[in-house]
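Undergrad: Below you will find the structure I want to go over with you.
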Amino acid sequence: MSQEISLSPDFCRTVDQAVEAGKKISMITYVMGDIGEAKLKYILLRILRSLDREDLMELFYTAAKELIVNSTKAAIKRIIFEELQLNIQKLEDYEEGMKLFKSSLNERKFPTYKQKMRESGHFVKITCIYKKDKIDLEIRNNFPLLPIEAERVKEKFINAKKYDNLFEFFMEHGDSTEGAGMGITMVEILLSQSGFDRRLFSIYSSERKKETVARVEVPLHEIPTSNGITEQLFVE
């Protein structure tokens with residue numbers, strides 16, 4: 001039976017005061033473990049409770065965890081390419097490295113890369129911005145998407161539209177869900193099943209700012225639409 005994780009009074013007090021003041025809340029993780037998940041859960045619960053929208057907890061908590069896993073994989077991928085002395089910008093090297101990356105990495109191995117992420121300067125930053133009428137969840141990497149990654153993200157956004165629930169997704173992909181776009185598909189399905197437009201989920205990549213941001217923007221009081229915007233991937 002899993003043990004309940006006790007968070008420090010200082011952490012809880014800091015979050016409570018920030019929520020009371022309506023300030024945005026950010027946390028940085030390298031490889032998120034049980035304590036990190038407990039902190040994330042506490043932050044989201046306090047924000048949603050302050051807005052009287054605890055019904056959205058599953059949407060935000062599950063979406064955040066999926067996007068954090070995706071962002072962590074992207075960072076670890078870059079570390080593995082450096083270790084293999086492969087040029088991630090070069091197509092032949094990228095394809096060779098991806099074969100090794102997919103066959104050797106799963107979430108159980110994430111913790112072994114925690115220190116390596118710190119040493120390389122890669123991190124994942126989670127930010128919650130909230131008002132009475134809207135909540136924005138942002139998951140940020142401090143590097144942009146590669147052109148080949150951007151193309152694959154675009155394909156995954158298109159592919160996600162085929163599924164109304166995760167059962168359909170698993171039926172089609174079986175045990176090969178790794179790399180099949182489950183994170184993107186799950187976030188879209190969570191939004192849809194919560195009554196929101198799937199296109200309220202988007203990804204921004206900026207070479208200039210050296211960052212990639214996955215963003216879920218949920219309006220709380222108006223009819224949820226995407227303002228006619230069909231694109232979900234924005235690259236500059």
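Undergrad: Could you list, in sequence order, all residues of region 171-184 that are surrounded by 13 or more Cβ atoms within 10 Å (Cβ to Cβ), at pLDDT below 85 and either touching a Leu at 6+ places or on another chain (Cβ under 9 Å) or not in a helix (DSSP H, G or I) (or both)?
TA: Across region 171-184, the qualifying residues are Thr177, Glu178, Gly179, Ala180, Gly181, Met182.
Undergrad: Can I ask one more? Have a look at Phe101, Phe110, Phe123 and point out the one that is under 30 Å from Phe196 (Cα atoms), of a type in the set (Phe, Trp, Tyr) and out of contact with any Asp or Glu (no Cβ under 6 Å at 6 or more places or on another chain).
TA: Of the residues listed, the single one that is under 30 Å from Phe196 (Cα atoms), of a type in the set (Phe, Trp, Tyr) and out of contact with any Asp or Glu (no Cβ under 6 Å at 6 or more places or on another chain) is Phe123.
Undergrad: Looking only at region 97-134, filter to residues that are out of contact with any Ser or Thr (no Cβ under 8 Å at 6 or more places or on another chain) and of a type in the set (Val, Ile, Thr); which one of those is nearest to Glu82 (Cα to Cα)?
TA: Checked region 97-134; the qualifying residue nearest to Glu82 (Cα to Cα) is Thr112.
Undergrad: Let me ask another. Answer yes if at least one residue in region 45-53 is within 16 Å of Arg215 (Cα to Cα), of a type in the set (A, V, I, L, M) and either buried (at least 18 other Cβ atoms within 10 Å of the Cβ) or out of contact with any Gly (no Cβ under 8 Å at 6 or more places or on another chain) (or both), and no otherwise.
TA: No, every residue in region 45-53 fails to be within 16 Å of Arg215 (Cα to Cα), of a type in the set (A, V, I, L, M) and either buried (at least 18 other Cβ atoms within 10 Å of the Cβ) or out of contact with any Gly (no Cβ under 8 Å at 6 or more places or on another chain) (or both).
Undergrad: Right, next: Return yes or no: is Arg118 without any contact (Cβ under 8 Å) to a residue 12 or more places away in the chain, assigned to a helix (DSSP H, G or I) and open to solvent by 30 Å² or more (accessible area, probe 1.4 Å)?
TA: no
Undergrad: I'm checking my understanding of the structure. Among residues of region 22-41 that are surrounded by fewer than 16 Cβ atoms within 10 Å (Cβ to Cβ) and charged (D, E, K, R), which one is modelled with the lowest pLDDT?
TA: Across region 22-41, the extreme among qualifying residues is Asp34.
Undergrad: Considering Glu138, Glu66, which residue is touching a residue at least 60 places away in the same chain (Cβ under 8 Å), in a strand (DSSP E or B) and either in contact with a helix residue (DSSP H, G or I) (Cβ under 8 Å, 6 or more places away or on another chain) or surrounded by 15 or more Cβ atoms within 10 Å (Cβ to Cβ) (or both)?
TA: Glu138
Undergrad: While we're looking at this one, here's another question. In region 185-203, is there at least one residue being more than 20 Å from Met98 (Cα to Cα), modelled with pLDDT of 95 or more, among the hydroxyl-bearing types (Ser, Thr, Tyr) and surrounded by 13 or more Cβ atoms within 10 Å (Cβ to Cβ)?
TA: Yes, that holds for at least one residue.
Undergrad: Conditions first: (1) within 19 Å of the chain's Cα centre (by Cα); (2) within 27 Å of Leu44 (Cα to Cα). Asp133 passes all but one, so which condition is the exception?
TA: Asp133 satisfies every listed condition except (1).
Undergrad: Right, here's the next one. Please go through region 20-47 and give me each residue that is free of Cβ contacts under 8 Å to residues at least 40 places away in the same chain and under 22 Å from the mean Cα position of the chain (by Cα), ordered by number.
TA: Hits for region 20-47 are Lys23, Asp34, Ile35, Gly36, Glu37, Ala38, Lys39, Lys41, Tyr42, Leu45, Arg46.
Undergrad: Still on this model: When you scan region 153-170, do you find a residue that is outside any helix (DSSP H, G or I) and among the aliphatic types (A, V, I, L, M), even just one?
TA: No, region 153-170 has no match at all.
Undergrad: Continuing with the same structure: Considering Val15, Val19, which residue is buried (at least 17 other Cβ atoms within 10 Å of the Cβ), among the hydrophobic types (A, V, I, L, M, F, W, C) and touching a Ser or Thr at 6+ places or on another chain (Cβ under 6 Å)?
TA: Going through Val15, Val19 in turn, just one is buried (at least 17 other Cβ atoms within 10 Å of the Cβ), among the hydrophobic types (A, V, I, L, M, F, W, C) and touching a Ser or Thr at 6+ places or on another chain (Cβ under 6 Å): Val19.
The values are calculated or read from the model by the stated rules, or taken from the named source; none is laboratory data. Just so we're clear, the structure is a prediction, and the values are computed from it rather than from any experiment. Here Cβ is always computed from backbone atoms with ideal geometry, including for glycine, and neighbour counts include all displayed protein chains. In case anyone asks, the SASA skips ligands and DNA or RNA and just uses the protein heavy atoms, side chains included. Shrake-Rupley method; radii C 1.70, N 1.55, O 1.52, S 1.80 Å.
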